[in-house]
Each structure stands twice: as C-alpha cells, then as structure tokens.
Amino acid sequence: MKKIVLALVLFSLLAPCAYAQKKETKAVLNNIHQRKSVRTYSDKKVPDEIVTELLKAAMAAPTGMNIQPWYFVVLRDTSQYDRIFAGNGNMKKFKESSVVIVLCADTTVTRPPRENPNAPAVTSPNAIWRDDMGACTENLLLAAEAYGLGACWTACYPFARTMEPVKRELGLPANVVPYCVVPIGYPRLDEKPKDKWKPEKIHYGRW
Ligand SMILES: Cc1cc2nc3c(=O)[nH]c(=O)nc-3n(C[C@H](O)[C@H](O)[C@H](O)COP(=O)(O)O)c2cc1C
C-alpha cells in the first residue's frame, strides 16, 4: 500500500514537469517554424526594451572559439537612411520599419600568439566570422518572431555598393564590416511562413 501511495505522489509531482517540458519544446519549434521574412510594417513603435531583448538573443548565438565578432548599430532616425542605405534596393522597408539594426562584424581577432601566451597580442584575420554572424542574425530573427514582430534579413556584405555607404555614414572602423541589415516592426499583413521541408534533400549514411 505504502509503495502505491509513494508511486502516486511521485507521479503527481513529475507529470506536470513532463507536460511543461513538452509545452516548452512545442513553443520553441513553433517559433522556428513560424519565422518568416516580413517586409511591411505598421506604424506601431517597437519599444526600446524589446530591442534590447532582441540584441541579447543575438549575442547568445554560438560563435567559433567564443570570439563573438558581432557589433550592432541601432537606427531609428529615418532621415539618415537615404545616405546610409544609398545603393540598397530595400529602402522602402527600412523607412517603414520601426527600428533598423545593422549587424556588423570585426573580421579580425586580437589575442596573444598561441605559442607564447605571455607575448603581446597580435591581430590576425578571423576565417569564420561569417558563420558566427549568420547564427547571430538568425537568433535575432527568431527573437523578433517570438515577440510577434516582423523582420527581414537584408544582405549588405559582400557587396561594395551597399557596404561602402554604411561604413562611411556610420563611421565603422576599418576592421569592421556591415554584415547585414535587419528592419523590424509590427507586421502590417498576416504573412505565413513558407514550407521548406523536403525529405528528398536528406541522405542517410552516404549521399
Ligand atoms: C543571406 C541572406 C540575404 C538576404 N537578403 C535579402 C535582401 O537583400 N532583401 C530581402 O528582401 N530579403 C533578403 N533575404 C530574405 C530571403 O529572401 C528569405 O529568407 C527567403 O526568401 C526565404 O523566406 P523566409 O525568410 O520567409 O523563410 C535574405 C536572406 C538571407 C539568408
């Protein structure tokens, strides 16, 4: 009898945890599958506190050797956009959005030489900064989706025509490149995510 009571107590304690975990898993996967590029926005302002949360999510991304090459320039003043984004064909969505985040990358790494940790730091190219920036951008987009916001990854790197005005107008240091631009706002339309599931793209064991 004692054993049955104990089992019942354990079950009643653990069952809600298992359920909560399932709910959390569903919520995370739903967030990933609901994300879509949103290019039209309402007039509603995205509060600064939410922008900070989006940036926290971006900075939580995985990064090779934990280098964290990312920097962010947050823009709200649309009167600057003609100069900053001259040469970028996405002006309409930048101007309509509530906030534009320019994701920048330091393409170098400065640290003591591997062979002598006590020697002065040296600066060398970071071969994998693009991978870090892709992960960082996706985190930002997923966080925007979680807040019911619309956002769109907009290319900047590696096109000189779009990068040069951004570098100049935002005063980026020589070793920092503008990787991409993400306009964010409350969606104006009810856009749906695309279904990209293609099982034929998967090979098991060997191509
Ligand atoms: C590297 C990269 C560059 C992109 N550049 C642009 C862009 O310049 N302008 C734009 O409207 N969308 C851009 N996108 C968004 C893609 O068009 C979009 O992700 C794709 O059509 C799939 O749609 P989805 O994001 O709704 O799933 C870019 C996406 C990536 C990953």
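Nothing in this text is a laboratory measurement; each read-out follows from the coordinates by a stated rule. Bear in mind the structure is a predicted one, so any value in this text is a computation, not a measurement. Note: ideal-geometry Cβ built from the backbone for every residue, glycine included; neighbour counts use all protein chains shown.
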Cross-link partners of LYS194 among lysines (Cα-Cα below 30 Å; sequence separation of 8 or more within a chain):
LYS22, LYS23, LYS26, LYS36, LYS44, LYS45, LYS56, LYS92, LYS93, LYS95
Quick check on the chain: helices-only [θ] at 222 nm, where DSSP H runs of length 4 and up contribute -39,500 (n - 2.57) each and the sum goes over total residues. Nearest 500, please.
-13000 deg cm²/dmol
Linear extension gain, LEU29 paired with MET65, 0.36 nm per residue minus alpha-carbon span
10.3 nm
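Set the Förster radius R0 to 41 Å, insert the Cβ-Cβ distance between LYS45 and ARG206 as r into 1/(1 + (r/R0)^6), and round the FRET efficiency to 0.05.
Details: r = 53 Å, r/R0 = 1.28.
Once rounded, the FRET efficiency stands at 0.20.
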The longest stretch of the chain containing none of the trypsin sites (Lys or Arg not before Pro) that sit in a DSSP loop with at most 13 other Cβ atoms within 10 Å is 115-193
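Provide the gained length on full extension for the span LYS196 to ARG168, in nm with one decimal, where the gain is 0.36 nm per separating residue minus the Cα-Cα distance. Mind dumping the intermediate values first?
Values: separation 28, 0.36 × 28 = 10.08 nm, distance 3.76 nm.
Using 0.36 nm per residue and subtracting the Cα-Cα distance, I get 6.3 nm.
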